[in-house]
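The structure's right below; bear with me while I get my questions together.
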Amino acid sequence: MNGAGKDGEAAGSHPANVVLVGLPGAGKGTQAAQFARRHRVPKISTGDILRDAVARATPLGREVAATLQAGGLVPDDVIVRVVEERLAHPDTARGFVLDGFPRTVPQAVALDALLGGRPVAVIYLEISPDVILQRLLTRRTCESCGQADTGAHTSEYCASCGGSFVKRADDHIDVVRLRIAAYVENTQPLVDWYSQRPAFRTVNANQPLIDVARAFDAAVRECLGSS
Ligand code: AMP
C-alpha cells in the first residue's frame, strides 16, 4: 500500500479505524474491501451482515428481510446492536473499515459511544448522482468478498477472491430509487454533521478506482494524523 506503515497501519501507531460514507453505488464496498486487504483490517459491511442473516433466515434476518427488499433503512437500535457485536470481535483491535454504517446521525452518535474516544477517520466518497443509477443497475457483486463489478463483466468470478458475481436483489430500478431517497433523507444530514470534524475528508469518487484508492489512503493518513 502506498504510504502504509510496515505493519499495515494507515497512520503511524494509530489503528486504522475508518468510516466510509456515500451514496449507494459510490464505491464504498469496493474501496472498503481493497483498503481492508491493504491494511489487513476487517471490512465491516452492515449490508453484507444483513444480507447474510436474511440468506440464513436467522432471527435478525427474518426481522429485516422486508426492509431490505423495500430499500428502506432498518431501525437504528437494530443496526447499532449488530455493529456493537461485530466491533467486540478481537480482529478489530488493529482497526476496521466500516462500510454502510453509520447512515444516520443517531447511528453516528451510537458509534462514538462504542468507540469511547478512539480515533476514527470519516471518509465521504462523493459522486455525482447521475452516475449512480447507471452504476447500480449494471453492477454485480461478489457474493464472497463484496467486490463490485460495474464494468465489462468479462468473468463470472471475482478476480480478487474467486467468488461468484451475483446481481443484488436490491439493485433494481424501483428499489435503487428508494435507496437513494433514503440516503438523501438520512445520510446527507449525517455527512453535514461529520463534516464539522477535523478527522473528516471528502474523496472524489468520480475518478478511476486506483485514484480513488490513493486519495482514500491519503485522506485516512491525514485524518488519523489530525485526530
Ligand atoms: P448496503 O449494502 O450498504 O447498500 O445495504 C443494503 C441494505 O441494508 C440497505 O438498503 C438497508 O436496508 C440495510 N442497511 C445496511 N446498513 C444499514 C444501516 N447502517 N442502517 C440502516 N439500514 C442499513
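The values are calculated or read from the model by the stated rules, or taken from the named source; none is laboratory data. Because the structure is predicted, anything quoted here is derived from the model rather than measured. For neighbour counting, all protein chains shown are included, and Cβ atoms are generated from backbone atoms with ideal geometry for every residue, glycine included. Calculation scope for accessible area: heavy atoms of the full protein, side chains included, ligands and nucleic acids excluded. Shrake-Rupley method; radii C 1.70, N 1.55, O 1.52, S 1.80 Å.
Which value at 222 nm does the chain reach when only helices count, each DSSP H run of 4 or more adding -39,500 (n - 2.57), with the total divided by all residues and rounded to the nearest 500 deg cm²/dmol?
Value at 222 nm, helices only: -13500 deg cm²/dmol.
For segment 149-227, what % of the accessible area comes from carbon and sulfur atoms, probe 1.4 Å?
54
Whole number please: convex hull volume per residue of the Cα set in the chain, in Å³?
117
Could you tell me the calculated FRET efficiency between Ala88 and Ala66, based on Cβ-Cβ distance and R0 = 30 angstrom, to the nearest 0.05?
Rounded to the nearest 0.05, the efficiency is 0.60.
So who's got an amide H within less than 5 Å of the one on Ala121, skipping anything under 5 residues away but keeping other chains? H placed 1.01 Å off N, in plane.
Close amide H contacts, sequence-distant or interchain: Asn17, Val18, Val19.
In whole Hz and in residue order, list the ³J(HN,Hα) couplings for segment 129-139 that follow from phi through the Karplus curve 6.51 cos²θ - 1.76 cosθ + 1.60, θ = phi - 60°; x for Gly and Pro.
x, 5, 6, 5, 4, 4, 4, 6, 6, 9, 7
Report, by chain and number, residues whose modeled amide H sits under 5 Å from the one on Val203, excluding near sequence neighbours (fewer than 5 apart, same chain).
Tyr124, Leu125, Glu126
Please turn the phi angles of segment 214-222 into ³J(HN,Hα) values with the Karplus equation 6.51 cos²θ - 1.76 cosθ + 1.60 (θ = phi - 60°), one per residue in order, whole Hz, x for glycine and proline.
5, 5, 5, 4, 5, 5, 5, 4, 4
Please list Lys167, Lys28, Lys43 from largest to smallest accessible area, probe radius 1.4 Å, with all protein chains kept in place.
Lys167, Lys43, Lys28
Now a separate question. Mind listing the phi-derived Karplus ³J(HN,Hα) values for segment 202-211, rounded to whole Hz, using 6.51, -1.76 and 1.60 with θ = phi - 60°, and x for any glycine or proline?
Karplus values, whole Hz, x for Gly and Pro: 9, 10, 6, 8, 7, 7, x, 3, 5, 6.
Taking R0 as 22 Å, what's the FRET efficiency between Ala181 and Val78 from their Cβ-Cβ distance, rounded to 0.05?
So the FRET efficiency works out to roughly 0.60.
Per residue, how large is the accessible surface of the chain? Use a 1.4 angstrom probe and give square angstrom.
46
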